[in-house]
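Following: one structure in structure tokens, then a few remarks.
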Amino acid sequence: MAAAPIYLDHQASTPCDPKVVAAMAPHWNEEFANPSSRSHLPGLAAAGQVEQAREVMAASFGVPPESMVFTSGATEANNLAIKGLCEARMARGRHLITVATEHRAVLDPCRYLEKMGFCLTVLPVEADGLLDPARLEAALQPDTVLVSVMAANNEIGVLQPLAAIGALCRSHGAAFHCDAAQLVGHQQLKPLQLGIDLLSCSGHKFYGPKGCGALVVADGIELAAQLHGGGQEGGRRSGSLSTPLVVGLAAALQFALFDASEREQRLGLLRDQLWRGLQQLGGMQLNGALQPRLAHNLNITVAGVNGTRLHSNLKKRLAVSGGSACSSATGEPSHVLLALGRSRLEAAASVRFGLGRSTTETQISATLEWFSQVLANLR
Ligand SMILES: Cc1ncc(COP(=O)(O)O)c(C=O)c1O
């Protein structure tokens, strides 16, 4: 049997930490009651577990527990933040701003609002993938109700200047939503200190379960619910909460932050080793600034090769991607790389490496060896 490919796609998803799996275990079929069932003891016990998880998450973000809204992931959190805020503030203004390199779970709700009559500004990024705050300042208008800028890019890993963006939003009276799916669990994040009013995260990006995430909503930020029903989550997100997933989400955040700085240091060294080795093969272009960037991300364009052939060869031994997991289904070149000025052919011949907890030096050496063999065949 062929050996399993080396998994270097941790920005698409991370394995669930066994400690998190253990924390979730009793809540599937032993303590399974609906946390909304307040008429009996098992339901109250489940509600207690959910509230404990809420407190853990809230303490980590430095917000009160009422600020946490549990969702099915970052896609739902982004939709609730963007559509919910714009709908709630419609009478005040109908202009929103986002950035060309955002995840589709931000761009698509923004485009949906545009179809519904909102005015959308999509800001370009500089060649290094970063947003220049001066561009945002120039785009803010008196009727701008929302600015949505991600924390860390899911394809090129660059970290946007959140504090500067938050300060601009504050001074112009616009709400600031931040899709932090790729940063939460990898660095400590205090949204209020950065002027962030709405922050999205997703469990499976930080060694937690898939299908669970959260939206942090700053005090006083009004949101129109996007899921109507039983009125759970303070009426902001109806639907029975999954106790195991919520418990797993909070446990994952604690465990992920516990070794985050050690992981960042170790993976940064491995990533740099990978980058140095790739450069020695020649014809490699880095996508996005090397700093500020997630330590576990590398994204490169390989000159002079056909992207389809490159990826079909790489995948025999490596689990890497050409862009975001969500866009790989469409076969379209990455809109993030196009926004950096890469051509469609260059974008297709690009590779994202997402290192993670399980990545070893031996794996990085084997990756370089396979990459070198593939290139020797293709060039
Ligand atoms: C930046 C970003 N936002 C949103 C999402 C969507 O997250 P989820 O899978 O939790 O819906 C992802 C996942 O790919 C992401 O990387």
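Contact order normalised by length for the stretch 18-258, with contacts defined as Cα pairs under 8 Å and 6 or more residues apart; what percent is it? Numbers along the way, then the final one.
Working: 487 pairs, mean separation 64.5, N = 241.
RCO, the stretch 18-258: 27 percent.
With a cut-off of 8 Å between alpha carbons and a minimum separation of six or more residues, what is the relative contact order of the stretch 259-378 in percent? Mind dumping the intermediate values first?
On the way: 140 pairs, mean separation 40.2, N = 120.
The normalised contact order for the stretch 259-378 reaches 34 percent.
Magnitude of the Cβ-charge dipole of the chain, K/R +1 and D/E -1, about the Cα centre, nearest 20 debye?
Dipole of the chain, to the nearest 20 debye: 800 debye.
Under the classification rounded if a/c is under 1.5, otherwise prolate if a/b is larger than b/c and oblate if not, where does the chain fall, given a ≥ b ≥ c as square roots of the Cα gyration tensor eigenvalues?
Values: a/c = 2.07, a/b = 1.28, b/c = 1.62.
It is oblate, given that a/c is not under 1.5 and a/b is not larger than b/c.
Using the Kyte-Doolittle scale, which helices in the chain average at least 0.0 and also have C-alpha atoms spread 18 Å or more along the helix axis, with helices defined as whole DSSP H runs?
Values: long enough: 41-61 (30 Å, 0.47); 74-88 (20 Å, 0.19); 243-258 (23 Å, 1.89); 260-281 (31 Å, -0.93); 361-378 (26 Å, 0.28).
Sorted by number, the helices that extend far enough and score high enough are 41-61, 74-88, 243-258, 361-378.
Could you provide, to the nearest whole Å², the per residue accessible area of the chain with probe 1.4 Å?
Working: 15640 Å² over 379 residues.
Accessible area per residue, the chain: 41 Å².
Which entries in the list LYS205/LYS315; LYS115/LYS190; LYS190/LYS210; LYS83/LYS315; LYS190/LYS316; LYS210/LYS315 go over 31 Å, if you measure between the two C-alpha atoms of each? Present the calculation step by step, with values, prior to reporting the outcome.
On the way: LYS205/LYS315 22 Å; LYS115/LYS190 33 Å; LYS190/LYS210 23 Å; LYS83/LYS315 38 Å; LYS190/LYS316 41 Å; LYS210/LYS315 24 Å.
Table pairs above 31 Å Cα-Cα are LYS115/LYS190; LYS83/LYS315; LYS190/LYS316.
Report, to the nearest whole %, how much of the accessible area of the stretch 247-357 belongs to carbon and sulfur atoms, 1.4 Å probe, protein only.
Numbers: 2560 of 4770 Å².
Percent of accessible area from carbon and sulfur atoms in the stretch 247-357: 54.
How big is D for the stretch 259-378, in µm² s⁻¹ as a whole number, if Stokes-Einstein is applied with the Kirkwood radius of its Cα pairs at 10 °C and 1.306 mPa s?
Answer from the Stokes-Einstein relation: 108 µm²/s.
Would you mind telling me the share, in percent, of accessible area of the stretch 10-157 contributed by carbon and sulfur at probe 1.4 angstrom?
Carbon plus sulfur share of accessible area: 57 percent.
Sequence-distant or interchain residues sharing an amide H contact under 5 Å with GLY213, placed H: which?
THR71, SER72, GLY73, GLY203
If DNA, RNA and ligands are ignored and the probe is 1.4 Å, what is the ranking of LEU290, LEU278 by accessible area, most exposed first? Please list the in-between numbers first.
Values: LEU290 65, LEU278 0 Å².
Listed by decreasing accessible area, they come as LEU290, LEU278.
Order these peptides, 232-239, 291-298, by their mean beta-carbon neighbour count within 10 angstrom, highest first. Please report the intermediate quantities before stating the final value.
Values: 232-239: 17.9, 291-298: 21.2.
Highest mean packing first, the order is 291-298, 232-239.
The values are calculated or read from the model by the stated rules, or taken from the named source; none is laboratory data. Please read these numbers as outputs of a predicted model, since none were measured by experiment. Note: ideal-geometry Cβ built from the backbone for every residue, glycine included; neighbour counts use all protein chains shown. When the accessible area is computed, the model is the full protein with side chains, heavy atoms only, and any ligands, DNA or RNA have been set aside. Shrake-Rupley method; radii C 1.70, N 1.55, O 1.52, S 1.80 Å.
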